[in-house]
Amino acid sequence: MLNRNSALGRRPLWILTSDQHNQVQPLTLDPDGDGGFLPVFSFEEEAQAFLQLLGEEEKGTGWRIRETTAGELISVLLALCAQVKRVALDPLPLSCGGAVLAFISVKREHFVQHLMGESRRMTGELLPV
């Protein structure tokens, strides 16, 4: 059950997806080949800006912004993005902010725990590990 007191659990979030092989595929980026990350956005406008600023190598075709709930995002992280090691909340595109990615991302497992309310930290204390 989701923690209803969590700011992330109470509001919509946005991810970038495409439909490939009749299945929704979330955009994941792996600039260093170390497992990569899933960009998650607090506001639709941030997702739109990220999408517009993606480099040609990452952009590909068919990406769109998709509103998601905390529950759906948990499913995405545990199933479709099980290979992803980190989640970046409101990141800059790699061409603009790849150097700070390690500082603005958290381990996938910690992000899922937080969404599920198992984390004891407040949203403002969600720190990279």
Are any residues in region 22-37 touching a Ser or Thr at 6+ places or on another chain (Cβ under 8 Å), more than 9 Å from residue 84 (Cβ to Cβ) and in a strand (DSSP E or B), and if so, which ones? 24, 25
Scan region 48-66 and tell me whether some residue there is within 22 Å of residue 116 (Cα to Cα) and surrounded by 15 or more Cβ atoms within 10 Å (Cβ to Cβ). yes
Mind counting the residues in region 53-71 that are assigned to a helix (DSSP H, G or I), modelled with pLDDT of 75 or more and touching a strand residue (DSSP E or B) at 6+ places or on another chain (Cβ under 9 Å)? 1
Restricted to region 81-104, and to residues that are at pLDDT 85 or above and either over 21 Å from residue 69 (Cβ atoms) or of a type in the set (D, E, K, R) (or both), which residue is surrounded by the most Cβ atoms within 10 Å (Cβ to Cβ)? 86
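The values are calculated or read from the model by the stated rules, or taken from the named source; none is laboratory data. This one's a predicted model, so the numbers in the text were calculated from it and none came from an experiment. Cβ coordinates were reconstructed from backbone atoms using ideal geometry, including for glycine residues, and neighbour counts include every protein chain displayed.
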